[in-house]
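FYI, it's all coordinate maths here, none of it is from the lab. A quick note: this is a predicted structure, and the numbers were derived from the prediction, not measured. Positions of Cβ are generated from backbone atoms using ideal geometry, with glycine treated the same way; all protein chains shown enter the neighbour counts.
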Amino acid sequence: MLLYSGHEEDNASHTQGVAFMLSKVARNAPVGWEYHGSRIINASFKTKKEGILLNIIQCYAPTDDSNDEIKDQFYERLQSIIEKCPRKD
């Protein structure tokens, strides 16, 4: 199973995109996921411990030579996503 966030157009450049590739066992674990453009995806997974979720944020940060505005937008969005993650899971 692949949870993908990125460009899906055939002619899109392959410069951005993030994903979770799940094994057969892990396919039963996702509780939910959200796509945040072509650079960030977050997901929550069940764990073996009842009532405990594992929250993972996968991201592809702009390179240092990217425009400062693009970098600022990325890190602001990432910080917002981090702040929304439950603290008790």
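A few points about this structure:
- Hits in segment 44-55 (condition: of a type in the set (S, T, N, Q) and assigned to a loop (DSSP other than H, G, I, E, B)): T47
- Residues that are touching a Ser or Thr at 6+ places or on another chain (Cβ under 7 Å) and closer than 12 Å to Y4 by Cβ, drawn from segment 41-58: I41
Table: residues versus (1) assigned to a strand (DSSP E or B); (2) of a type in the set (A, V, I, L, M, F, W, C).
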site	(1), (2)
S38	no, no
N42	yes, no
I57	yes, yes
E69	no, no
F74	no, yes
L78	no, yes
I81	no, yes
R87	no, no
